[in-house]
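Here, each number is a calculation from the coordinates, and none is a lab measurement. Computed from a predicted model, the values in this text were never measured in an experiment. Cβ coordinates were reconstructed from backbone atoms using ideal geometry, including for glycine residues, and neighbour counts include every protein chain displayed.
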Amino acid sequence: MSRTYVYLGVFEAIVFFLASQFGAFFRFGWVLPPNVSPASWVATGLFFAVGMSVAMLSMGLYQRGAQEAEAGFGVRLGLAFVLGLVLLAVGFYAVPVLFMGRGVVGLSLAFSFIGISLVRALFARQVDVESRRRRVLVLGAGVNAHAIADALEHGKNQGFLVVGYVQLPRSQVTVDHATLLPADRSLLELAMAYSVDEIVVAADDQRGKLPVDELVDCKLSGFEVLDLLSFFEKELHLIKINLLYPSWIFFSTNGFRMSLGGRLTKRLFDVTAALVMLSVAFPLMLLVTIASLIESRGRDPILYHQVRVGQHGRLFHVHKFRSMRVDAEADGVARWAAKNDARITALGSFIRKTRLDELPQIFNVFKGEMSLVGPRPERPEFVQELSASIPYYAERHRVKPGVTGWAQLLVTYGSDAEDARRKLEYDLYYVKHAGLILDLVILLQTVEVVLFSKGAR
């Protein structure tokens with residue numbers, strides 16, 4: 001945790017304490033209940049502040065980069081408040097002298113949320129962006145290191161800053177020479193001098209070139225040391241296919257496995273959220289149905305049902321509102337959707353941009369063929385073609401396909417094999433980290449995509 005975030009934590013703890021006092025004031029006025037002394041109430045306020053601060057800390061909200069992704073920050077903030085409420089309930093039960101009624105707790109949490117939101121908005125506006133990002137030192141200056149520089153150049157970075165690159169002996173330099181760090185200091189000295197959070201090993205050839213002793217020294221001194229594949233996974237939330245090797249999958253300490261409880265929770269969430277979506281979206285579905293009948297003068301079907309590949313390679317029929325002409329594939333040849341596709345109808349263009357064409361997939365969710373969140377299901381023809389040309393492509397079928405997905409948010413609409421390869425890097429990340437929290441983040445970001453019509457074709 002950087003010093004900036006320490007100050008932020010202290011300031012927000014004060015906000016939590018003041019929120020508890022405002023909660024009591026709005027509930028009781030200036031006079032506390034007769035069984036509560038001023039001293040015990042101050043102690044209760046301090047406990048409230050400590051409990052909520054611990055919850056914020058446990059959700060990683062005082063780490064560099066915590067505020068860079070708005071949807072992720074919103075989910076973690078919400079979960080922090082839920083966890084804080086649990087901690088407070090346990091504390092009040094264990095220590096009866098600390099007392100806070102339900103009304104006061106509700107008001108205090110409401111004031112806390114308002115106060116924290118204002119503090120974070122001010123923090124984002126006033127504190128320099130670079131000081132909020134994780135500081136990264138890259139060991140290597142060749143082709144692999146340039147992949148990090150390329151990610152920075154193309155704006156893919158959300159929460160890290162490269163302080164510099166360290167050239168290895170007898171190795172080429174492909175990064176900007178101005179970003180090279182001095183070679184007359186040890187790796188530990190450089191890490192301390194530049195206050196780094198992570199050291200990334202990005203050597204093109206590790207045989208006999210890595211300063212193993214120095215890396216061990218850095219690791220034992222508290223600096224996080226990552227290989228390049230793990231770095232991309234952590235910072236860019238994708239798994240680079242060109243760097244992926246089987247042993248990395250074998251020895252991954254987390255991911256690629258969802259517990260029975262996790263699967264049941266995800267299924268319960270899918271069904272509950274689908275019911276809510278259906279109740280809200282039913283009027284829109286009715287309007288699309290009427291508009292489709294008017295456009296085709298009642299001659300063409302409203303829905304179309306297309307075979308897609310689901311979990312473990314099982315085939316199922318996906319349901320959508322028809323957005324293309326009925327003769328879109330009259331010759332029986334499967335084709336990717338293209339920009340300004342002539343096969344799309346006037347209504348189809350609108351419902352694709354607004355994602356209304358996807359609403360009937362709610363029924364696929366009810367049937368258990370799809371999840372709300374997961375890799376988008378592809379047609380068998382495309383899966384066969386892509387599996388033959390892209391390594392690990394079949395692994396995206398380890399989980400249920402989704403109405404929306406991680407790749408759909410971060411990659412433009414796929415129209416060829418190269419787009420499919422890029423999307424697979426994000427799909428594999430989802431397969432490894434699938435869970436309720438990531439699903440919530442994706443759903444929140446999907447709302448933005450729908451509102452601003454991003455990536456639709």
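Okay, here's what the table says:
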item: Whole-number D in µm² s⁻¹ for region 260-452, Kirkwood Cα-pair radius fed into Stokes-Einstein, 37 °C, 0.692 mPa s; result: 189
item: Size of charge dipole - the chain - debye, nearest 20, with Cβ of Lys, Arg +1 and Asp, Glu -1, no other charges; result: 1360
item: Antiparallel content of DSSP bridges confined to the chain, in %, to 5; result: 30
item: Too-long pairs where the Cα-Cα distance tops 28 Å, listed order kept, from Lys320/Lys423; Lys240/Lys320; Lys234/Lys423; Lys367/Lys432; Lys219/Lys266; Lys219/Lys423; result: Lys240/Lys320; Lys219/Lys266; Lys219/Lys423
item: Antiparallel content of DSSP bridges confined to region 260-452, in %, to 5; result: 80
item: Rg/Rh (Cα only; Kirkwood hydrodynamic radius) as it applies to the chain; result: 1.03
item: For peptides 279-286, 192-199, 341-348, sequence by mean Cβ density within 10 Å, most packed first; result: 192-199, 341-348, 279-286
item: Top positive-direction residue, dipole computed over the chain with Cβ charges, set Gly29, Thr354, Gly261; result: Gly29
item: Cα centroid of region 180-196 to Cα centroid of region 264-326, whole Å; result: 56
item: Set of aspartates and glutamates with alpha-carbon distance to Lys400 below 18 Å, sequence-local pairs under 8 removed; result: Asp270, Glu358, Glu369, Glu378, Glu425, Asp427, Asp439
item: Dimensionless Rg over Rh [region 100-200; C-alpha; Kirkwood]; result: 1.24
item: Kyte-Doolittle mean at least 1.6 and Cα axial length at least 18 Å: DSSP H helices in the chain; result: 70-94, 436-452
item: Ordering of 301-311, 435-445 by burial proxy (mean other Cβ atoms within 10 Å per residue, highest first); result: 435-445, 301-311
item: Peptides ranked, highest mean first, by Cβ atoms within 10 Å: ranges 369-379, 14-24; result: 369-379, 14-24
